[in-house]
């Protein structure tokens, strides 16, 4: 019998963020591609449910073929958008698996009804440290997966918290991310989409404090000024007016800063922005770098899939992913500058290799079939 999988994650909770939408959509669309029946369920606080967030949810699920198979349920209530409450309450009875991205579904009437559950950790470090210190304990599930490829290894500073974490890669539905023609070579435009401080604050665990993306970006802010001639560096950046000094420093060092709401608010706009770029340059959250957890960005998988080389800060990714061609990691400012030069010198080779990285490691058919096999479901 065809498996029924319920995917839970944040869409309406993250309105006008096309990149975050792709993170959740890829699981649902990829499972459908394998032949699974899929329901998408999102939980939202009444305080966060606005006309704009509701419209965003409706628009995304409709455009991506999930209308009639999606529900938005208010926390602590039986009020829903999409599937009616009765339909939603019946779903766990027949579902073969709940894929709970970031433990998103916590609804007291729904969650306990699922027969088989899998926690999908997409914030390695934050999840485990918060679990360890009691800030946000991970709710019991049947299976636990993390995109932190090095969690459980001796050189990764993240505690397992007594949880048997299995490793999983982010799925990319390749049909939704075909290679597109190379943009004009002059200038060769490195871009990324980022939040200056991210959604979470710094994490303190024991005697260590793990920083934010801002702390890492400052280390590499000179890259445009020192980089190869004929290259431009741009960031679609969510930055608060209180960070005016950092904004000025970005501009002084040659960064072009654009509004992410303008260029990447919807999944389609985000995809167009990536395709119009030549390559990605990005740093990581300090917690990912300092713990050597092997975190890899969903955003970067989209650049690679489109044939866009990625120059990204190293979080220990080389243990599990072949790097150097198409995917160029760096640890120091000098390595970042040399990486930009390397991509510019042989862009066509780097572009072809970029797509190969995704086909080898992130193809949704391979990733999701492997996970389903792992939990005992056949497609």
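The values are calculated or read from the model by the stated rules, or taken from the named source; none is laboratory data. Treat the numbers as computed from the prediction; the structure is a model and nothing was measured. In this analysis, Cβ positions are derived from the backbone assuming ideal geometry, glycine residues included, and neighbour counts consider all displayed protein chains.
Couple of notes before you dig in:
- Considering the range 350-379, and only residues there that are assigned to a loop (DSSP other than H, G, I, E, B) and touching a strand residue (DSSP E or B) at 6+ places or on another chain (Cβ under 8 Å), the residue that is surrounded by the most Cβ atoms within 10 Å (Cβ to Cβ) turns out to be 362.
- Selected residue (only one of 190, 247 is assigned by TED's automatic domain parsing to the domain that holds residue 357, more than 30 Å from residue 31 (Cα to Cα), without any contact (Cβ under 8 Å) to a residue 12 or more places away in the chain and not in a loop (DSSP other than H, G, I, E, B)): 247
- Residue within the range 120-137 that is at pLDDT 95 or above, touching a helix residue (DSSP H, G or I) at 6+ places or on another chain (Cβ under 7 Å) and outside any loop (DSSP other than H, G, I, E, B) present: yes
- Pick from the range 193-211, criterion in a strand (DSSP E or B) and within 18 Å of the chain's Cα centre (by Cα), ranking: surrounded by the fewest Cβ atoms within 10 Å (Cβ to Cβ): 195
Residues checked against (1) free of Cβ contacts under 8 Å to residues at least 24 places away in the same chain; (2) within 30 Å of residue 148 (Cβ to Cβ); (3) touching a strand residue (DSSP E or B) at 6+ places or on another chain (Cβ under 6 Å); (4) buried (at least 20 other Cβ atoms within 10 Å of the Cβ):
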residue: 62; (1), (2), (3), (4): yes, no, no, no
residue: 77; (1), (2), (3), (4): no, no, no, no
residue: 97; (1), (2), (3), (4): no, yes, yes, yes
residue: 102; (1), (2), (3), (4): no, yes, no, no
residue: 115; (1), (2), (3), (4): yes, yes, no, no
residue: 127; (1), (2), (3), (4): no, yes, yes, yes
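- Scanning the range 250-260 for residues that are in contact with a strand residue (DSSP E or B) (Cβ under 8 Å, 6 or more places away or on another chain) and touching a residue at least 24 places away in the same chain (Cβ under 8 Å) yields 250, 254, 255, 256, 258, 260.
- Test: residue 25 is in a strand (DSSP E or B) and either touching a residue at least 40 places away in the same chain (Cβ under 8 Å) or outside the structural domain of residue 67 (by TED's automatic domain parsing) (or both): no
- Residue count, the range 4-21 (criterion: out of contact with any helix residue (DSSP H, G or I) (no Cβ under 7 Å at 6 or more places or on another chain) and either surrounded by fewer than 24 Cβ atoms within 10 Å (Cβ to Cβ) or under 15 Å from residue 298 (Cα atoms) (or both)): 2
- Of the candidates 154, 149, the single residue that is assigned to a loop (DSSP other than H, G, I, E, B), within 16 Å of the chain's Cα centre (by Cα) and outside the structural domain of residue 281 (by TED's automatic domain parsing) is 149.
- Count of residues meeting criterion [outside any helix (DSSP H, G or I), over 26 Å from residue 21 (Cα atoms) and in contact (Cβ under 8 Å) with a residue 12 or more places away in the chain] in the range 220-244: 7
- Matching residues in the range 165-185 - criterion: being touching a residue at least 40 places away in the same chain (Cβ under 8 Å) and either within 15 Å of residue 275 (Cβ to Cβ) or in a helix (DSSP H, G or I) (or both): 172, 174, 175, 176, 177, 178, 179, 180, 182, 183
- Condition check for residue 55: closer than 18 Å to residue 20 by Cα and either out of contact with any strand residue (DSSP E or B) (no Cβ under 6 Å at 6 or more places or on another chain) or outside any helix (DSSP H, G or I) (or both): yes
- Residue check for residue 89: in contact (Cβ under 8 Å) with a residue 12 or more places away in the chain, crowded, with 20+ Cβ neighbours inside 10 Å and over 16 Å from residue 167 (Cα atoms): no
- Scanning the range 331-349 for residues that are touching a strand residue (DSSP E or B) at 6+ places or on another chain (Cβ under 8 Å) and in contact (Cβ under 8 Å) with a residue 24 or more places away in the chain yields 336, 339, 340, 343, 344, 347.
- The condition (being surrounded by fewer than 23 Cβ atoms within 10 Å (Cβ to Cβ) and closer than 23 Å to residue 226 by Cβ) is satisfied by just one residue among 328, 283, 257: 257.
- Test: residue in the range 278-285 that is more than 18 Å from residue 217 (Cβ to Cβ) and either in the same structural domain as residue 203 (by TED's automatic domain parsing) or at pLDDT 95 or above (or both): yes
- Qualifying residue in the range 238-246 (condition: crowded, with 23+ Cβ neighbours inside 10 Å and touching a helix residue (DSSP H, G or I) at 6+ places or on another chain (Cβ under 8 Å)): no
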